[in-house]
Structures are given as structure tokens and as C-alpha cells.
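The values are calculated or read from the model by the stated rules, or taken from the named source; none is laboratory data. For clarity, every value in this text was computed on a predicted model and none was experimentally measured. Every residue, glycine as well, gets a Cβ built from its backbone with ideal geometry; the counts of neighbours run over all protein chains shown. Accessible surface areas use protein heavy atoms only, side chains included; no ligands, DNA or RNA. Shrake-Rupley method; radii C 1.70, N 1.55, O 1.52, S 1.80 Å.
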Amino acid sequence: MSLLARLGTLLGLPRGDGGAPPEYAVEYDHNLPERIPAGTRFVGWLTLANRGSRTWEAGIATDGTGPFEAVMRRDGDVAGSFPMPHVVPPGDSVTLHGWFRAPQRPGRYEYTVEMVHHHVTWFAERGAEPLRVAVEVTADAPTASARLLDRSEDALALAWWTGIGVSWSR
């Protein structure tokens, strides 16, 4: 998005394109905690709603461009990436699931999730803000349910791995 277009948006001016949605736009929803004990494992989900005009294709797009992915960073370092498991047309959404472990060192961390269309653009370069979540990692003892999750994953690792990446559209 150009500087002039951003200024117009900030001032609440009508868009010159008749209100058509941008090509690359995303809306996020998630269950990332704001506070979590150090080293705690948790099951997370991230819903990505396609608010743009372009279909997010799984794998190589039909026009030969690269795949669409959600890239997660912790304090600027890539912590993981999540490719689209299926086609996500405009107006549709996808929910990604996975387990995560909080850092071992207590402190404040910033997690960001940003969409990318590989070999084309980062959505932020087209005006779509990344998701930003501040997480306070505490020295508190893990909860009973977090300890149970650790024990069950250690005992049934295969059961957990088969559930990673389950997704659906709504």
C-alpha cells in the first residue's frame, strides 16, 4: 500500500478503487496465551480468514507462483511456518492446530504471525498487518493440565503427531 493510500485510510477517506477488497488481506483469530509458565506445552490454534480478493492456494499456485504460508516469529526469529493445507478462497478461512512449548526462560516475548505468498510478496508489504501477541513467560509452576499434557505427549507421541495440522474452513 502506498504512503498516500495509507494516509487516506488513516484519515478515513473513501478508497479510490470503489471499495474493492485488496488482493492480499487477512484477519487473524487465535488462542495464544498472554501469560504462561516457562517450559509449558500447550495446544494452539490459529484461524486465518481470507479477506482479500486472491485465492490462497495450497502448494504451487496455478499461475506458477509459490505457495501461501503463515510464518510465526518469536522476537524476530522464525519459530515455524504453516503452509495452507487446502485452497482458501476469498471470504473463507482455515484453522491450523499444533502444539507449542513456551520458552524456558521467564520474560516478555513477542510472537508475530505474517502471511506470505512465496516468490510474490509478504502480505504486510501490501498493507495487511501481521498478528502481534505479547506473551509473558513466568516462573510459575505449570498447571495440572499442562503437566498432564506433557505426560500424555511423552507416552503417546504418535497420537499427538497425527493431530498436528488438522484444519477446516468455515
Residues in the stretch 42-55: is at least one within 20 Å of ARG126 (Cβ to Cβ), of a type in the set (Gly, Ala, Ser), modelled with pLDDT under 95 and surrounded by fewer than 17 Cβ atoms within 10 Å (Cβ to Cβ)?
no
Any idea which residue in the stretch 22-73 is nearest to ALA139 (Cα to Cα), counting only those that are hydroxyl-bearing (Ser, Thr, Tyr) and assigned to a loop (DSSP other than H, G, I, E, B)?
THR40
Look at the stretch 24-41 and say how many of its residues are open to solvent by 50 Å² or more (accessible area, probe 1.4 Å) and among the aliphatic types (A, V, I, L, M).
0
Every residue in the stretch 127-141 that is assigned to a strand (DSSP E or B) and either without any contact (Cβ under 8 Å) to a residue 40 or more places away in the chain or open to solvent by less than 50 Å² (accessible area, probe 1.4 Å) (or both), please.
LEU131, ARG132, VAL133, ALA134, VAL135, VAL137, THR138
Only one of ASP75, ASP92, ASP29 is touching a residue at least 60 places away in the same chain (Cβ under 8 Å) and either on the phi > 0 side of the Ramachandran plot or within 17 Å of the chain's Cα centre (by Cα) (or both); which?
ASP92
Would you pick out the residues in the stretch 60-91 that are out of contact with any Gly (no Cβ under 7 Å at 6 or more places or on another chain) and open to solvent by less than 40 Å² (accessible area, probe 1.4 Å)?
ALA61, THR65, GLY66, PHE68, GLU69, ALA70, VAL71, GLY80, MET84, VAL88
Restrict the check to the stretch 99-110 and report whether at least one residue is touching a helix residue (DSSP H, G or I) at 6+ places or on another chain (Cβ under 8 Å) and open to solvent by less than 60 Å² (accessible area, probe 1.4 Å).
no
Of the residues ALA144, ALA124, only one is of a type in the set (Gly, Ala, Ser) and either closer than 15 Å to VAL26 by Cβ or surrounded by 14 or more Cβ atoms within 10 Å (Cβ to Cβ) (or both); which?
ALA124
Picking from THR62, THR55, the residue that is over 19 Å from the mean Cα position of the chain (by Cα) and of a type in the set (S, T, N, Q) would be THR62
